[in-house]
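**Student:** This is the structure I have questions about; it appears just below.
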Ligand SMILES: Cc1cc2nc3c(=O)[nH]c(=O)nc-3n(C[C@H](O)[C@H](O)[C@H](O)COP(=O)(O)OP(=O)(O)OC[C@H]3O[C@@H](n4cnc5c(N)ncnc54)[C@H](O)[C@@H]3O)c2cc1C
């Protein structure tokens, strides 16, 4: 049978930037996830808008992803189209006054390096977060006392009706791992950030120190999606999980990291179902023992 949706999609994107039945395990830091019906790799705002508009017209479910570093995709995959905003959508412009404009698909490590190359300080915290700018703005990513909120000045987004809006930082409702993008289903296209001039050697040194701290504390040699849970107010998720006796707790191939209990890892060929089982058991046992309900930070995509 002729695939009319695909025929229309090929009019927007060249075939080499459309993948069919694409295993999402190849696109997530957990290395877990079944096939997405379609994976599209747009390179421009026009393409992003056109693909989304086509999905709406054809009632094709769609989802936006960046680097997949905060994402658990179902073993059944995703029935619909995933738009991956990655390295083909990652232009960076640096101005003399310390303002930086970048497209959503740029990796934070790359952006932090470019910012440092221009002797600008204020983005060192982000250099070890393995996501894109799009994911970081959406999640208000943060680490070591820094967060996107501190440097963002504006964001260009696509709303549900297909309008492009430019929102000022104060309109983004940036809170702990939260932004208006999650509330309204906005797509981040590009963001403006403001930094100040600093000493290039000190900037690089700080980045090295923070990344060394990460390597020491986090299971970076294992597949994960970072901290599985948000930090509950007044507690640390990792400590609660450790105190509950769950260090190393395992279901199938998924396990609570021995090194950092806040991370659930794909230890050996874990399925999404096994990852979810560990997540649910951890939530239940911590709540029974301490009356604190942990909330996942990781996003779940597809049917579970
Ligand atoms: C080893 C490791 C360490 C980590 N350390 C940290 C840390 O220190 N601090 C921290 O905050 N996080 C951390 N994370 C989690 C993760 O890297 C961040 O949440 C990151 O911001 C996610 O970006 P991404 O591009 O991978 O997003 P994805 O995982 O692809 O998507 C995450 C969410 O953002 C949405 N999204 C992505 N791009 C867009 C866009 N352009 N427009 C609209 N929505 C979009 C997706 O729909 C999804 O809801 C870590 C993860 C790992 C694996």
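The values are calculated or read from the model by the stated rules, or taken from the named source; none is laboratory data. Nothing here was measured: the structure is a model prediction, and the numbers come from that model. Neighbour counts are summed over all protein chains in view; Cβ atoms, including those assigned to glycine, are modelled from backbone coordinates with ideal geometry.
**Student:** Consider region 51-61. How many of its residues are touching a residue at least 12 places away in the same chain (Cβ under 8 Å) and either assigned to a loop (DSSP other than H, G, I, E, B) or crowded, with 18+ Cβ neighbours inside 10 Å (or both)? Lay out the reasoning, then the answer.
**Tutor:** Of region 51-61, the ones touching a residue at least 12 places away in the same chain (Cβ under 8 Å) are 51-56, 58, 60-61.
Now narrow it down to the ones that are either assigned to a loop (DSSP other than H, G, I, E, B) or crowded, with 18+ Cβ neighbours inside 10 Å (or both): 51-52, 54-55, 58, 60-61.
Final tally of qualifying residues: 7.
**Student:** Would you check if residue 76 is more than 16 Å from the ligand (Cβ to nearest atom), in a loop (DSSP other than H, G, I, E, B), modelled with pLDDT of 95 or more and over 17 Å from the mean Cα position of the chain (by Cα)? Before the answer, list the steps.
**Tutor:** Numbers: more than 16 Å from the ligand (Cβ to nearest atom): yes; in a loop (DSSP other than H, G, I, E, B): yes; modelled with pLDDT of 95 or more: yes; over 17 Å from the mean Cα position of the chain (by Cα): yes.
Judged against the criteria, residue 76 is a match.
**Student:** I need every pair where a residue in region 75-95 that is closer than 26 Å to residue 300 by Cβ and in the same structural domain as residue 9 (by TED's automatic domain parsing) has its Cβ under 7 Å from the Cβ of a residue that is at pLDDT below 95 and within 11 Å of the ligand (Cβ to nearest atom), sequence separation at least 6 or different chains.
**Tutor:** none
**Student:** What about residue 96, is it touching a helix residue (DSSP H, G or I) at 6+ places or on another chain (Cβ under 6 Å), more than 8 Å from the ligand (Cβ to nearest atom) and farther than 30 Å from residue 22 by Cα? Break it down stepwise before answering.
**Tutor:** Numbers: touching a helix residue (DSSP H, G or I) at 6+ places or on another chain (Cβ under 6 Å): no; more than 8 Å from the ligand (Cβ to nearest atom): yes; farther than 30 Å from residue 22 by Cα: yes.
Criteria not met by residue 96.
**Student:** Turning to a different aspect of this structure: With the condition being in contact (Cβ under 8 Å) with a residue 60 or more places away in the chain and away from the ligand (no atom under 14 Å from the Cβ), I'd like the strands (runs of 3 or more DSSP E) fully within region 127-246 carrying at least 1 qualifying residues.
**Tutor:** Values: elements: 152-158, 164-168, 187-194.
Where strands (runs of 3 or more DSSP E) fall fully within region 127-246 and carry at least 1 residues being in contact (Cβ under 8 Å) with a residue 60 or more places away in the chain and away from the ligand (no atom under 14 Å from the Cβ), they are 187-194.
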